[in-house]
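Below is one structure, written out as structure tokens, with a few remarks after it.
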Amino acid sequence: MNIYYCHGFGSQFDLGSSKLEILSKLGSIHGHDIDYTKPADEVVQICQDEVIKADIDLMVGTSMGGWLVNIVGARAGIPFVAINPAIDPAQTLEKYIGAGLDYQGNRYQLTQSVVDSYRAFVINGCGLILLDQGDDVIDWRVTHDTCQKYYSVVSFPGGSHRFEHMEESLPLIEALYERSSLTYGLGDN
């Protein structure tokens, strides 16, 4: 299985992260560094182009990356797993407007007009929402209540915004892929 991973705001694509090492048990991981200080349409288009080039079977993303896999996955007909997703990215990004430092110590500049370009999570596509109840950045209850009508939603006690339950989630992710294989005709099925 070819998996495309989208990281969150201020982060970077890191194949050596424990989360991606665990996820790699399901297949090969692809991704790129995403600059969420760019307008949403540009971020989405770059990701969509990368996904098409890499012949992706499944998309996985955390936080802002969860939002991105929802948008690109729904557009491209690719199943997605959104982990602690930013379902209202403009609200999530609001607190970062201005100059700041990302998690690698690099400077960024985020403008109000860019934040305003990010639209809400979409309610179509084949997706799984994974939540840690200990997320202190995005209220898991709001995400759960908003998404449960449209997607399978699983929440884990404890954890954090970084998501501490990847290992426990592997069977859920595999099950989503199997269901989507029947729907979309993916994989070997």
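The values are calculated or read from the model by the stated rules, or taken from the named source; none is laboratory data. Small disclaimer: the values here were computed from a predicted structure and weren't measured. Here Cβ is always computed from backbone atoms with ideal geometry, including for glycine, and neighbour counts include all displayed protein chains.
Remarks
- Segment 139-162: number of residues that are modelled with pLDDT under 95 and within 19 Å of C6 (Cβ to Cβ): 3
- Residue match in segment 151-159 (condition: in contact with a Phe, Trp or Tyr (Cβ under 7 Å, 6 or more places away or on another chain) and within 23 Å of A40 (Cβ to Cβ)): no
- In the condition set (1) at pLDDT below 95; (2) closer than 21 Å to K25 by Cα; (3) among the polar types (S, T, N, Q), S169 is compliant with all but (1).
- Pairs with Cβ under 6 Å, 6+ apart, first in segment 167-185 and more than 12 Å from I22 (Cβ to Cβ), second of a type in the set (G, A, S) and modelled with pLDDT under 90: S181/G187
- Filter result for the condition that a residue is on the phi > 0 side of the Ramachandran plot and surrounded by fewer than 17 Cβ atoms within 10 Å (Cβ to Cβ), over G16, G105: G105
- Taken as a whole, segment 41-62 holds at least one residue that is assigned to a helix (DSSP H, G or I) and more than 26 Å from S17 (Cβ to Cβ).
- Residue within segment 80-91 that is surrounded by fewer than 24 Cβ atoms within 10 Å (Cβ to Cβ), over 20 Å from V122 (Cα atoms), out of contact with any Asp or Glu (no Cβ under 7 Å at 6 or more places or on another chain) and among the polar types (S, T, N, Q) present: no
- Considering G8, G65, the condition of being within 10 Å of the chain's Cα centre (by Cα), in a loop (DSSP other than H, G, I, E, B) and in contact (Cβ under 8 Å) with a residue 12 or more places away in the chain is satisfied by G8 alone.
- Qualifying residue in segment 27-45 (condition: touching a strand residue (DSSP E or B) at 6+ places or on another chain (Cβ under 9 Å), touching a residue at least 12 places away in the same chain (Cβ under 8 Å), under 22 Å from Q148 (Cβ atoms) and aliphatic (A, V, I, L, M)): no
- Within segment 108-120, the set of residues being within 11 Å of G10 (Cβ to Cβ) and touching a Leu at 6+ places or on another chain (Cβ under 6 Å) is empty.
- Only one of the numbered conditions (1) farther than 20 Å from H7 by Cα; (2) out of contact with any strand residue (DSSP E or B) (no Cβ under 8 Å at 6 or more places or on another chain) is violated by A120, and that is (1).
- Flag for I83 being touching a strand residue (DSSP E or B) at 6+ places or on another chain (Cβ under 6 Å) and either aliphatic (A, V, I, L, M) or farther than 25 Å from D57 by Cα (or both): yes
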